[in-house]
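Data block below; observations after.
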Amino acid sequence: MKLRYKIASGILIFFFLLISAVALAIGYTASCPPATEAASGATMKAVVYHCYGGPEVLEHADVPMPVPAENEVLVKVNAAGVNPLDWHYMRGSPFVLRLMTGIGAPADPAMGRDFAGVVEAVGENVTRFEAGDRVFGGANGAFAEYVVRRETGSITLMPANVSFEEAAAVPVAAITALQALRDSGQLQAGQKVLINGASGGVGTYAVQIAKSMGAEVHGVNSTRNVELVLGLGADHVFDYKKENYTESEVRYDLILDMVGNHSLLDNSKVMKPTGRLVQVGGPSGDWVGPFRGAIEALLVGPFMEQEVESIMAQLSGDDLTQLATLMAEGKVTSRIDRRFPLADTAQAIAYSETGRARGKIIVAVD
């Protein structure tokens, strides 16, 4: 065998072994430790996890009360929103997520992102908020009686006409919808947008935000949710149990896809030549499944006339303020499916995993 072939073979074997080692490492799941011991000093109730797995790994435990730093706000949580992100973190799935959350076991036991509540105390350098303010936003560890957040972070004042539960439903889902439509989708007034998965957490906000932007909105959902989506302002609804939107004669400027149940080529058939496809989420799975859309976009996208993009939204205080304005004006409202007490957060996340929620799931803390 020539030397260059030996070298090439050696390199291939090395990378194969390296990839195998990384796969084994990130796929490793440590055993669950004993239940959390009660903390000493000032404590609060919170939902935590110390190993990856199903809802059974979640604990409703006593943990230390957070103390705000000089630039932070301490919020007494009244309600928290449940997102698919929560069960992805809980399971450490897809496994590549563990490169951020911890190999083998979670590095941070806190759970939850969306919160709404009342400012309890502020750090000495905080000027935007004061005790007694009604606020909502995104913070690590929202499934708890208290959270802390930097005043310049993803937190803003609640509109007076919005309840704690309605506000807690907003941050992750509505910001995802807003950034997908405005930034990735570049949606303009008068354009046609199709929202695949219009009755879910992100979808219910996407319908309303798109309408507020002056778009013609078509939704895709099941029979039981047709009236819900029409009630949100959709101009037309495809019942996927009865019809396939990719066989429609309508041509869309933007398709916002939360489901990923149609190929890029099928979607391209109902898109204008200048159209855009924005993928939010996709199939479940520990390895390739969640990235199928992105992989397909990489392989097929260059041969399509239209633009294809996958989005991972970023929590933003400015975007929360924009959403608060839309809520104050009555242009965006939260559709809440079910409510669970903090002690039953595991049941709330189990319900989220079914993918059958109509709108948002709320954990009532107070």
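The values are calculated or read from the model by the stated rules, or taken from the named source; none is laboratory data. Here the structure is a predicted model, which is why all the values come from computation and not from measurement. All Cβ positions, even for glycine, are placed from backbone atoms using ideal geometry, and neighbour counts span all protein chains on display. Side chains included, ligands, DNA and RNA excluded: accessible areas come from the protein's heavy atoms. Shrake-Rupley method; radii C 1.70, N 1.55, O 1.52, S 1.80 Å.
I'd like to verify a number: residues in the range 191-202 that are assigned to a loop (DSSP other than H, G, I, E, B) and either over 21 Å from LYS272 (Cα atoms) or open to solvent by less than 10 Å² (accessible area, probe 1.4 Å) (or both), how many?
3
Go over the candidates GLN179, GLN188 one by one and state the one that is over 18 Å from ALA324 (Cβ atoms) and either in a helix (DSSP H, G or I) or touching a residue at least 24 places away in the same chain (Cβ under 8 Å) (or both). None of the others qualify; the one that does is GLN188. Listed by position, the helices (runs of 4 or more DSSP H) inside the range 270-366 whose residues that are surrounded by 18 or more Cβ atoms within 10 Å (Cβ to Cβ) and at pLDDT 95 or above number at least 3 are 317-328, 345-353. Within the range 48-71, being part of a strand (DSSP E or B) and among the hydrophobic types (A, V, I, L, M, F, W, C) holds for VAL48, ALA61, VAL63. For the range 88-119, the set of residues classified as under 30 Å from VAL162 (Cβ atoms) and surrounded by fewer than 19 Cβ atoms within 10 Å (Cβ to Cβ) consists of HIS88, ASP108, VAL118, listed by residue number.
Going through THR354, THR321 one at a time, which residue ends up being touching a residue at least 12 places away in the same chain (Cβ under 8 Å) and of a type in the set (Val, Ile, Thr)?
Just a single option satisfies the conditions, and that option is THR321.
Here the range 72-105 is the region considered, the condition is being of a type in the set (Gly, Ala, Ser) and assigned to a strand (DSSP E or B), and the residue that is farthest from the chain's Cα centre (by Cα) is GLY104. Screening TYR205 with (1) in a helix (DSSP H, G or I); (2) among the hydroxyl-bearing types (Ser, Thr, Tyr); (3) in contact with a Leu (Cβ under 7 Å, 6 or more places away or on another chain) gives one miss only, at (3).
Look through the range 225-246, keep the residues that are in contact (Cβ under 8 Å) with a residue 12 or more places away in the chain and charged (D, E, K, R), and return whichever of them is least open to solvent (accessible area, probe 1.4 Å). Ranking the candidates gives ASP239 first. Residues in the range 56-71 that are open to solvent by less than 30 Å² (accessible area, probe 1.4 Å) and either within 23 Å of the chain's Cα centre (by Cα) or small (Gly, Ala, Ser) (or both): VAL57, LEU58, ALA61. A Cβ distance below 7 Å, combined with a sequence gap of six or more or placement on separate chains, defines the contacts here; from the range 123-141, residues that are of a type outside the set (D, E, K, R) reach residues that are surrounded by fewer than 17 Cβ atoms within 10 Å (Cβ to Cβ) and in a loop (DSSP other than H, G, I, E, B) in the pairs GLY123/ALA69; GLY123/GLU70; GLY123/ASN71; ASN125/GLU70; ASN125/ASN71; VAL126/ASN71; ASN140/ASP108.
Do we have any residue at all in the range 156-175 that's in contact with a Leu (Cβ under 8 Å, 6 or more places away or on another chain), of a type in the set (Ser, Thr, Tyr) and under 27 Å from ASP62 (Cβ atoms)?
For the range 156-175, residues in contact with a Leu (Cβ under 8 Å, 6 or more places away or on another chain), of a type in the set (Ser, Thr, Tyr) and under 27 Å from ASP62 (Cβ atoms): absent.
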